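Trainee: The structure follows.
The values are calculated or read from the model by the stated rules, or taken from the named source; none is laboratory data. None of these values were measured; they are calculated from a predicted model. Glycine gets a Cβ as well: all are built from the backbone with ideal geometry, and neighbour counts include every protein chain shown.
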Amino acid sequence: MTSTPSRLSRRVWLAGALVLATGLTPAVAQERVLNLYSARHYQTDERLYGDFTKATGVRINRVDADDAGILARLQAEGSASPADVVLLVDAARLWRAEQDGLFQPVKSAVLEQRIPAQFRGADGGEGSRWFGFSTRARVLVYDPKRLKAEQVDAYEKLADPALKGLVCMRSGSHPYNLSLFGSVIEHLGAEKAEAWLRGLKDNLARDPKGGDTDQIRAVAAGECAVAVTNSYYYARLMRSGNPADKAVVDATRVVFPNQATWGTHVNISGGAVARHARNRDAAVQFLEYLASDSAQRYFADGNNEYPTVGGVATENPALTALGRFKAETVPVAKVGANTAQVQRMLDRVGLK
């Protein structure tokens, strides 16, 4: 004769069956997880994520794609999206995602204290919807045998007829350049900015192609005499042990433009809590971690970027060698808001 199991024992049995069916142990089933959609495709970030897990016990599930791919995925997934945190590498993309309602506001005393307002999204009283955690300067790399530094010490000079056939750059529609051009609108006004873009296009040595590192190499190879690039690409070559990279650095020089006027344009890498985040507490904790001194140092020492938090000491020899510079103070949200206008200008002047 068998006895009838009690209601309690029946529940215990069902819980055990569920664990077996899912292949999870009770400890794993209760594990804290953060789902991260990241456009930061840098291997050096692995340690950054690992340190967060060690410090908090929160495991990171990561999906990698470029900025456009991540935003398209968030749009397609809608409320079913598993994303908790989104990391993007351009102010224009962060602004666009904010306008499309893909982020939720975050009210954090830590983030408001440590991240300057210039590098945060708009705050309507509920908190900002995104935060910048590192910057990269949009610099000019030139051939000292063909040009003097004073010929390329301002963005405006890229349109000078004296540079006819000497300029290299990646696609004008790439987010890095859209943000630079959006900044130029803030400083020159729309009419003068469009005239400048037309002059820049007329000075190109070849049709835009490749990435930023390709532009640096083109200067060293003599294809052009000056190129537009993000600072961390050049710093990466400076720290490389490859003799070919050393030869490129030896053959070129760097200028931080507009030091006598509005300052060098800086773009950001930033993060946000996804609109439908299921692990909101862990998501905010992760953003606050990215604003910590240790994470800020890692952006600089690991990936050659500049911290957005002031006063953080770094030990990157390439950044030290490049020296300190005056950065523009235009809020990056304004720069992002100008990019649709920039694209129309590019279409009119024929800059691809």
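Residue-by-condition table, conditions (1) assigned by TED's automatic domain parsing to the domain that holds residue 256; (2) part of a strand (DSSP E or B); (3) touching a residue at least 60 places away in the same chain (Cβ under 8 Å):
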| position | (1), (2), (3) |
| --- | --- |
| 69 | no, no, no |
| 72 | no, no, no |
| 78 | no, no, yes |
| 82 | no, no, yes |
| 87 | no, yes, yes |
| 96 | no, no, yes |
| 110 | no, no, yes |
| 113 | no, no, no |
| 126 | no, no, no |
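Trainee: Here's a follow-up. Taking into account only those residues within the stretch 53-67 that are outside any loop (DSSP other than H, G, I, E, B) and not basic (Lys, Arg), which is nearest to residue 331 (Cα to Cα)?
Mentor: For the stretch 53-67, the residue satisfying everything is 67.
Trainee: Looking at (1) assigned to a strand (DSSP E or B); (2) surrounded by fewer than 14 Cβ atoms within 10 Å (Cβ to Cβ), which one does residue 241 not meet, given that it meets all the others?
Mentor: Only one criterion is unmet by residue 241, namely (1).
Trainee: Against the definition (modelled with pLDDT under 95, assigned to a helix (DSSP H, G or I) and either surrounded by fewer than 20 Cβ atoms within 10 Å (Cβ to Cβ) or outside the structural domain of residue 122 (by TED's automatic domain parsing) (or both)), how does residue 333 come out, yes or no?
Mentor: Criteria met by residue 333.
Trainee: Would a scan of the stretch 317-326 turn up a residue that is in contact with a helix residue (DSSP H, G or I) (Cβ under 6 Å, 6 or more places away or on another chain), of a type outside the set (A, V, I, L, M, F, W, C) and in contact (Cβ under 8 Å) with a residue 12 or more places away in the chain?
Mentor: No, every residue in the stretch 317-326 fails to be in contact with a helix residue (DSSP H, G or I) (Cβ under 6 Å, 6 or more places away or on another chain), of a type outside the set (A, V, I, L, M, F, W, C) and in contact (Cβ under 8 Å) with a residue 12 or more places away in the chain.
Trainee: Could you please find all residues in the stretch 132-155 being surrounded by 18 or more Cβ atoms within 10 Å (Cβ to Cβ), out of contact with any helix residue (DSSP H, G or I) (no Cβ under 6 Å at 6 or more places or on another chain) and acidic (Asp, Glu)?
Mentor: Within the stretch 132-155, just 153 meets the criteria.
Trainee: Would you point out which residue out of 285, 215 is within 30 Å of residue 98 (Cα to Cα), in contact with a Ser or Thr (Cβ under 8 Å, 6 or more places away or on another chain) and either of a type outside the set (S, T, N, Q) or part of a helix (DSSP H, G or I) (or both)?
Mentor: 285
Trainee: Ok, one more. Could you run through the stretch 89-104 and say how many residues are acidic (Asp, Glu) and in contact with a helix residue (DSSP H, G or I) (Cβ under 6 Å, 6 or more places away or on another chain)?
Mentor: Residues of the stretch 89-104 acidic (Asp, Glu): 90, 98, 100.
Retained after the next criterion (residues that are in contact with a helix residue (DSSP H, G or I) (Cβ under 6 Å, 6 or more places away or on another chain)): 90.
So the count comes out to 1.
Trainee: Residues to consider are 273, 254, 309; find the one that is assigned by TED's automatic domain parsing to the domain that holds residue 202, out of contact with any Ser or Thr (no Cβ under 7 Å at 6 or more places or on another chain), outside any helix (DSSP H, G or I) and of a type in the set (A, V, I, L, M). Don't jump to the end; show me each part of the working.
Mentor: Working: 273 fails: assigned by TED's automatic domain parsing to the domain that holds residue 202; 309 fails: assigned by TED's automatic domain parsing to the domain that holds residue 202.
Sole residue among the options that is assigned by TED's automatic domain parsing to the domain that holds residue 202, out of contact with any Ser or Thr (no Cβ under 7 Å at 6 or more places or on another chain), outside any helix (DSSP H, G or I) and of a type in the set (A, V, I, L, M): 254.
Trainee: In the stretch 53-84, how many are of a type in the set (D, E, K, R) and either closer than 19 Å to residue 134 by Cα or touching a Gly at 6+ places or on another chain (Cβ under 9 Å) (or both)?
Mentor: Looking only at that region, the number is 3.
Trainee: Can you tell me which residue in the stretch 305-330 is farthest from residue 117 (Cα to Cα), limited to those that are acidic (Asp, Glu) and buried (at least 19 other Cβ atoms within 10 Å of the Cβ)?
Mentor: Here the answer is 305.
Trainee: Is there a residue in the stretch 180-190 that is within 21 Å of residue 255 (Cβ to Cβ), crowded, with 18+ Cβ neighbours inside 10 Å and in contact with a strand residue (DSSP E or B) (Cβ under 9 Å, 6 or more places away or on another chain)?
Mentor: Looking through the stretch 180-190, at least one residue is within 21 Å of residue 255 (Cβ to Cβ), crowded, with 18+ Cβ neighbours inside 10 Å and in contact with a strand residue (DSSP E or B) (Cβ under 9 Å, 6 or more places away or on another chain).
Trainee: Filter the stretch 43-62 for residues that are modelled with pLDDT of 95 or more and of a type in the set (Val, Ile, Thr) and give the result.
Mentor: 53, 56, 58, 60
Trainee: Right, next: Which residue out of 50, 132 is in contact with a Gly (Cβ under 6 Å, 6 or more places away or on another chain) and either part of a strand (DSSP E or B) or closer than 17 Å to residue 285 by Cβ (or both)? Break it down stepwise before answering.
Mentor: On the way: 50 fails: in contact with a Gly (Cβ under 6 Å, 6 or more places away or on another chain).
One residue alone meets the criteria, 132.
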